[in-house]
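K.L.:
Here's a structure for you.
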Amino acid sequence: MSWTEVVIEIAREHAEALSDALMEAGALSVSVEDADEGTEQENPLFGEPGMEPLEAAWDHSRVVALTDTDADQAAIVAEAAAAIGLANPPAFTTRSVADADWVRLTQSQFEPIHIGKNIWVVPSWHEAPNPDALILELDPGLAFGTGSHPTTRLCMEWLEAHPKPGKSVLDYGCGSGILAMVAKKLGAADVAGVDIDPQAIESAKSNAERNGCEIDFYLPDAFAVAPNERHAKGQFDIVVANILSSPLKLMAPMLSGRVAPGGSLILSGVLARQAEEVAAAYAPFIKLGVWAEQDGWVALHGTLGQDTVPPARSSTPR
């Protein structure tokens, strides 16, 4: 089976409405891209929670609609244009999309990832390159955290460099559960993970079971009333949060309050230029400094009850 893509370049003010209208007119799926991608005029759209772009559209947008090959593409475009009040249907081009083994094609894009000194993140369809290493079997999925992003790597490298056998660890914003699993495989006795996304919690539970890690995962409300009293109200020897700077600043009192005396707080998801403002938000509770930087992202670290901050070290991008 094959499909045909309809490609339309159009101004920002019409991109979103045209996308919806194309779906109503019979398109199977629609995406909007930056028509200037790859040029000096490219304009990335991104934002932190609470600051996301209002629409996924660019001044010079490209709308791509997937249709059945035997569909009348001109009629679909004309119907969509009329639905949003355009006087004339926009010009468009078409391109064929051949059928493929999409599962195998997707799998071929993901290889084992080597992190730190001895950690490998290995998709289930691959053999572990080093069976004696710390192996995490983890397939790409809906939840953030496969080890490919610098913020995840920084946290994993800190955990590897500072193993705490027998200690307790809280992974706040756990995503796939990868940091919680690293801590558990490094010998942590009591590990909990928290995330606001129910899908992330289900993904984390599945990943932990697959990797033989006994970890409790919670949504925030469930965490506050967890049957495990230590989890509900207690403090942890290590608290790690790989989120983004805005929510990290808002959560400063809560996250700091979860660190046991003499315990460590590790934060990532912070751009290097945001490090000072995030550290300032935590200053009333715990003094933080940059532990490492990679590709413009940093990991902040501090020890509760200590006025000194460990010196920053460099981290070579891989």
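The values are calculated or read from the model by the stated rules, or taken from the named source; none is laboratory data. From a predicted model like this one, the values you see are computed outputs, not experimental measurements. All Cβ positions, even for glycine, are placed from backbone atoms using ideal geometry, and neighbour counts span all protein chains on display. Note: areas computed on protein heavy atoms with side chains; ligands, DNA, RNA excluded. Shrake-Rupley method; radii C 1.70, N 1.55, O 1.52, S 1.80 Å.
K.L.:
Quick one: would you say A241 is assigned to a strand (DSSP E or B), at negative phi, at pLDDT 90 or above and of a type in the set (G, A, S)?
P.N.:
It is true that A241 is assigned to a strand (DSSP E or B), at negative phi, at pLDDT 90 or above and of a type in the set (G, A, S).
K.L.:
Select from region 109-123 the residues that are in a loop (DSSP other than H, G, I, E, B) and touching a helix residue (DSSP H, G or I) at 6+ places or on another chain (Cβ under 8 Å) and write down the one among them that is nearest to A208 (Cα to Cα).
P.N.:
Step by step, filter region 109-123, then rank; the result is P123.
K.L.:
So, one more: May I ask you to say which residue of P310, P317, P253 is touching a Phe, Trp or Tyr at 6+ places or on another chain (Cβ under 7 Å), modelled with pLDDT under 95 and either open to solvent by 20 Å² or more (accessible area, probe 1.4 Å) or more than 17 Å from L159 (Cα to Cα) (or both)?
P.N.:
Selected residue: P310, the only one of P310, P317, P253 that is touching a Phe, Trp or Tyr at 6+ places or on another chain (Cβ under 7 Å), modelled with pLDDT under 95 and either open to solvent by 20 Å² or more (accessible area, probe 1.4 Å) or more than 17 Å from L159 (Cα to Cα) (or both).
K.L.:
Under 20 Å from M251 (Cα atoms) and part of a strand (DSSP E or B), is that true of G175?
P.N.:
Here the answer is no, as G175 does not meet what is asked.
K.L.:
Residue by residue through region 203-231, note down the ones that are assigned to a helix (DSSP H, G or I), open to solvent by 40 Å² or more (accessible area, probe 1.4 Å) and within 24 Å of I119 (Cβ to Cβ).
P.N.:
Hits for region 203-231 are K205, S206, E209, R210.
K.L.:
For region 248-311, which strands (runs of 3 or more DSSP E) that fit wholly inside it have 1 or more residues that are under 15 Å from G173 (Cβ atoms)?
P.N.:
Where strands (runs of 3 or more DSSP E) fall fully within region 248-311 and carry at least 1 residues being under 15 Å from G173 (Cβ atoms), they are 259-271, 297-303.
K.L.:
Condition first: open to solvent by 40 Å² or more (accessible area, probe 1.4 Å) and more than 19 Å from the chain's Cα centre (by Cα). Can you find one or more residues in region 194-201 that meet it?
P.N.:
Looking through region 194-201, none of the residues is open to solvent by 40 Å² or more (accessible area, probe 1.4 Å) and more than 19 Å from the chain's Cα centre (by Cα).
K.L.:
For residues that are within 23 Å of E13 (Cβ to Cβ) and among the β-branched types (V, I, T), scanning just region 64-99, find the one that is most open to solvent (accessible area, probe 1.4 Å).
P.N.:
Once the filter is applied, the top-ranked residue is T93.
K.L.:
For region 150-173, check the following and say yes or no: at least one residue is among the small types (G, A, S) and buried (at least 23 other Cβ atoms within 10 Å of the Cβ).
P.N.:
So far as region 150-173 goes, yes, one or more of its residues are among the small types (G, A, S) and buried (at least 23 other Cβ atoms within 10 Å of the Cβ).
K.L.:
Which residues, taken from region 9-33, are of a type in the set (D, E), over 15 Å from F92 (Cα atoms) and under 28 Å from the mean Cα position of the chain (by Cα)?
P.N.:
Listed by number, the residues that qualify are E16, D20.
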